[in-house]
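Notes follow once the structure below has been shown.
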Amino acid sequence: MHPQAPVLLSARLQFRIANHNDAQALADLARQTFVETYAEQNDAEQIRTHCEKNFGIAQQSKEIADPNYVVILAFHDQQLVGFAQVVNNPAPASIEADNAVALYRYYVKKEWHGKGIAQPLLAEAEKAAKTFGANQLWLGMWEHNARALAYYQKVGFQHVGWMDYEFGGVIERDYVLLKRLWSCA
């Protein structure tokens with residue numbers, strides 16, 4: 001028996017940079033994917049508070065307009081199925097390079113996991129990081145998300161330290177992961 005191949009055909013998967021008209025759809029997707037990822041292991045009130053603060057239309061509009069953000073939308077047959085945000089902001093102390101930018105958010109709808117979206121979306125995020133002059137991409141990742149850690153290690157990220165992350169009034173501990181971006185030059 002052969003393992004099932006991803007159902008996506010690359011021609012049906014498209015990416016584009018978000019614009020101000022995408023704020024509502026992005027807010028909805030960000031909320032949905034965050035809840036799908038974290039609701040089972042966290043307090044419902046913390047989830048609600050976090051989503052209100054971080055995933056409203058006003059916040060998404062602000063991030064889309066910010067020149068330090070690149071917000072990438074992933075579509076399959078014109079359906080929004082994932083997104084990534086690359087942010088040119090200071091790295092945590094465990095990263096000693098000046099040329100690293102953050103993979104701030106990186107989510108795919110749960111029903112699309114394992115269907116060939118995550119790695120092409122990451123490739124788009126890596127291209128966006130390079131537009132900021134980066135040769136490294138870093139992220140903070142909740143220490144209790146074993147599935148995500150396994151994925152990030154599979155695609156070349158390495159654990160380089162720890163950082164605190166405020167979540168619903170509680171300080172959580174996050175892994176700091178780093179990936180070197182290679183250029184063809």
Would you list W182, W112, W162 from the most to the least accessible area, probe 1.4 Å?
W182, W162, W112
Karplus-derived 3J(HN,Hα), 6.51/-1.76/1.60, for each residue of the range 128-143, Hz, glycine and proline x
4, 4, 5, 5, 8, x, 7, 10, 9, 10, 10, 8, x, 9, 3, 5
Where does the chain land at 222 nm, in deg cm²/dmol rounded to the nearest 500, when only DSSP H runs of n ≥ 4 count, each adding -39500 (n - 2.57), divided by all residues?
-10000 deg cm²/dmol
5 angstrom amide H check on L80, placed H, neighbours 5+ away
none
Simple SL model, points at 7 angstrom along Cα→Cβ for H20 and Q153; separation in nm is 4.5
Label zone at V170, where the point sits 7 Å out along the Cα-to-Cβ direction: the range 22-47 residues whose backbone N lies under 18 Å
34-47
The answer for the range 50-185, accessible area per residue at 1.4 Å probe in Å², is 50
From largest accessible area down, sort R105, R12; use a 1.4 Å probe on the protein chains.
R12, R105
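For the range 52-138, what does the alpha-carbon gyration tensor say about shape, rounded, prolate or oblate, given a ≥ b ≥ c as the root eigenvalues, a/c under 1.5 as rounded, and a/b over b/c as prolate?
Note, shape of the range 52-138 comes out oblate.
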Can you find, among G82, W162, M141, the residue sitting farthest towards the positive end of the charge dipole of the range 49-185, where Lys and Arg contribute +1 and Asp and Glu -1 at Cβ?
G82
For N145 and N68, extending 7 Å from Cα along the Cα-Cβ vector and measuring point to point gives, in nm, a value of 2.1
A correct Karplus calculation of ³J(HN,Hα) over the range 86-93, with 6.51 cos²θ - 1.76 cosθ + 1.60, θ = phi - 60°, whole Hz and x for Gly and Pro, returns 9, 10, 8, 9, x, 7, x, 4
Between T131 and Q79, what length in nm is gained on full extension when 0.36 nm per residue of separation is reduced by their alpha carbon distance?
16.1 nm
Lysine pairs in the chain with Cα distance under 30 Å, only those 8 or more apart or on different chains: how many are there?
28
Computed about the Cα centre, the charge dipole of the chain from +1 Lys/Arg and -1 Asp/Glu charges at the Cβ has a magnitude in debye, to the nearest 20, of 640
Let me know the charge dipole size of the range 15-124 about its Cα centre in debye, to the nearest 20, where only the beta-carbon of Lys, Arg (+1) and Asp, Glu (-1) is charged.
180
Got a sec? What order do T33, T49, T131 fall in by accessible area at 1.4 Å, biggest, i.e. largest, first?
T131, T49, T33
Kirkwood Rh over alpha-carbon pairs of the chain plugged into Stokes-Einstein at 37 °C, 0.692 mPa s gives a D in µm²/s of 192
Cβ-Cβ FRET estimate between W182 and A44, R0 fixed at 45 Å, reported to 0.05
0.60
Residues with amide H under 5 Å from that of R105, placed H, sequence gap 5 or more
Q85
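The values are calculated or read from the model by the stated rules, or taken from the named source; none is laboratory data. Keep in mind that what you see is a predicted model, and the values were worked out from it rather than measured. Cβ: placed from backbone, ideal geometry, glycine included. Neighbour counts: every protein chain shown. Just so you know, the surface numbers come from the protein's heavy atoms only, side chains and all, with ligands and any DNA or RNA stripped out. Shrake-Rupley method; radii C 1.70, N 1.55, O 1.52, S 1.80 Å.
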